[in-house]
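Structure first, then comments.
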Amino acid sequence: MKPITPPRVAPNERPQTYRVKSFGCQMNVYDGERMGEMLDEQGMSAASEGEDADLVVLNTCHIREKAAEKIYSDIGRLTKGKTQKKAPMIAVAGCVAQAEGEEIMKRAPAVSMVVGPQAYHRLPDMLDKAVKGERATDTDMPAIAKFSALPVRKKRTPTAFLTVQEGCDKFCTYCVVPYTRGAEISRPFGDLISEAQGLVESGAREITLLGQNVNAWGGENEKGIAQGLDGLIRQLAKIPKLQRIRYTTSHPNDFTPGLIAAHAEVDKLMPYLHLPVQSGSDRVLKAMNRQHTAEGYLRLLEQMRAARPDIALSGDFIVGFPGETEAEFEETLSLVDEVRYAQAYSFKYSPRPGTPAATMDNQIPREVMDDRLQRLQARLNRDQLAFNAASVGKSCTVLVERKGKLPGQWLGKSPWLQSVWFADEEWGEAELGDMVEVDVIDAGANSVQGVLRQAALT
Ligand code: 5AD
Ligand code: SF4
């Protein structure tokens, strides 16, 4: 990439519009929204669709693949053929910024700001410097400080994310998260209840609690009594207009009997659980430092199904972890056959610099990984389609989230997180944020089709 020299905008010329491009996990989506809210507070506004923004924030993900390389090609695209005055000011945020901040500053002079996931509350100060032509890097990790420094939320959509916990102390040998997001921290109970109340007052009907290890969340309620995630969920369920609560992502070892019981007892807690297992082989799980066995995982799912028989299960899988044999991979296939996931995510192992697995012997050739991924995904797709097909002929509640592409078409989610679309010919009956009842008449692998049976249940 041919470098162009900073500053990106003429000195003392503040950017007026911004665009935040978030990659990767839902926590990055949440962080991206919060960065946007901060820039709004600075008097800026989001660039409209198709319009060039004065400031572009690339909110990056480092979990797999050559994420860093992608950043350089994005930067190249943003600056290509543009004069220095026309090129946007660029900030790199997120986990690649945390892991490779100095390198980015060296390699990409077009970047004015590099800010890690725990430091983005300082973006306004960095922006002041950038406007004066000074480049700034901040990859400190004062996670709690960040949340208290962020402006009050103004998001107005039927569904919202709420980060309750960040970081991870598990150190799975393939994973960068403990290095990029830092040690586990839980946000205080009271802060979370008030952020949730604010979200509901501005229209949220569903809140998804986020954390790299969300079920490790812990805090104290207003009476000083220790609470786990189930205590937080029970308190949130008391917010009258909040209809649905979800949480992601969990680790099998942080499940408590209280959280399992909450699935049986709290109606607003949706019957859906995303619980990564990564592999069905105990030898591989040990090499991954997952600290659980395949059997332990299956027993936990049994308990979840006993608490909530209709629960939809989801998972994450990695194929081709260093040293994974064909027989070990087949153990993963057998686990899938046993669980019958409603949906799942599967990935080829990607060596992450600085993680123990990256330097392990017996790295698996790409062709073998490709073949295993294909075979695993064939089974997962089979089960996802079967799960959706089993809904046909039944009715379910849908939270209406957005308009579809065609006139009169609405999209939303079932309690089991299936995408549901239905027609409302007159545009008359359903509204954004409504809970409606639909009869499911058809199913595909990625969505189901419904017919409106009853509008506005609440
Ligand atoms: N290679 C491939 N997949 C990975 N994941 C995390 N690190 C890696 C890696 N190095 C997957 C895991 C995790 C999900 C968020 O991403 O399955 O659960
Ligand atoms: Fe990464 Fe393992 Fe922590 Fe999940 S539990 S964030 S995979 S280290």
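Observations, loosely collected:
- Among (1) out of contact with any Phe, Trp or Tyr (no Cβ under 7 Å at 6 or more places or on another chain); (2) open to solvent by 20 Å² or more (accessible area, probe 1.4 Å); (3) under 21 Å from Lys146 (Cα atoms), the one test that Ser45 misses: (3)
- Residue list for segment 39-62, restricted to those being outside any loop (DSSP other than H, G, I, E, B) and out of contact with any helix residue (DSSP H, G or I) (no Cβ under 9 Å at 6 or more places or on another chain): Asp40
- Taken over segment 287-307, the criterion of being open to solvent by 80 Å² or more (accessible area, probe 1.4 Å) and within 13 Å of ligand 2 (Cβ to nearest atom) is satisfied by Gln291 alone.
- Candidates in segment 177-201 are the residues that are farther than 18 Å from Asn215 by Cα and away from ligand 2 (no atom under 16 Å from the Cβ); of these, the one that is most open to solvent (accessible area, probe 1.4 Å) is Glu201.
- The set of residues in segment 258-313 that are within 27 Å of Thr359 (Cβ to Cβ) and either in contact with a Cys (Cβ under 6 Å, 6 or more places away or on another chain) or charged (D, E, K, R) (or both) comprises Asp282, Arg283, Lys286, Met288, Asn289, Arg290.
- Search result, residues across segment 156-176 that are touching a residue at least 60 places away in the same chain (Cβ under 8 Å), open to solvent by 10 Å² or more (accessible area, probe 1.4 Å), out of contact with any Pro (no Cβ under 9 Å at 6 or more places or on another chain) and of a type outside the set (S, T, N, Q): Pro158, Phe161, Cys175
- Hits in segment 243-259 (condition: open to solvent by less than 20 Å² (accessible area, probe 1.4 Å), of a type in the set (A, V, I, L, M, F, W, C) and closer than 21 Å to His292 by Cα): Leu259
- Of the residues making up segment 202-216, those that are more than 16 Å from ligand 1 (Cβ to nearest atom) and surrounded by fewer than 23 Cβ atoms within 10 Å (Cβ to Cβ) are Ser202, Gly203, Arg205, Leu209.
- The one condition in (1) within 12 Å of ligand 1 (Cβ to nearest atom); (2) touching a helix residue (DSSP H, G or I) at 6+ places or on another chain (Cβ under 7 Å) that Glu328 fails to fulfil: (1)
- Residues in segment 154-203 that are more than 30 Å from Lys403 (Cα to Cα), small (Gly, Ala, Ser) and at pLDDT 95 or above were compared, and the one that is nearest to the chain's Cα centre (by Cα) is Ser186.
- Set Gly228, Gly219, Gly190, Gly167: member being among the small types (Gly, Ala, Ser) and within 16 Å of ligand 1 (Cβ to nearest atom): Gly167
- In segment 287-301, the residues that are within 16 Å of Thr332 (Cα to Cα) reach residues that are in a helix (DSSP H, G or I) and more than 16 Å from ligand 2 (Cβ to nearest atom) with C-beta atoms within less than 7 angstrom, at least six apart or across chains, in these pairs: Thr293/Asp282; Ala294/Asp282; Ala294/Glu331; Ala294/Leu335; Leu298/Glu338; Leu301/Val339.
- Identification of helices (runs of 4 or more DSSP H) wholly contained in segment 167-266 with 2 or more residues that are farther than 30 Å from Ser414 by Cβ yields 177-180, 189-201.
The values are calculated or read from the model by the stated rules, or taken from the named source; none is laboratory data. Quick caveat, the model's predicted, so the values are computed rather than measured. Neighbour counts are summed over all protein chains in view; Cβ atoms, including those assigned to glycine, are modelled from backbone coordinates with ideal geometry. Accessible surface is based on the protein model in full, side chains and every heavy atom, while ligands, DNA and RNA are left aside. Shrake-Rupley method; radii C 1.70, N 1.55, O 1.52, S 1.80 Å.
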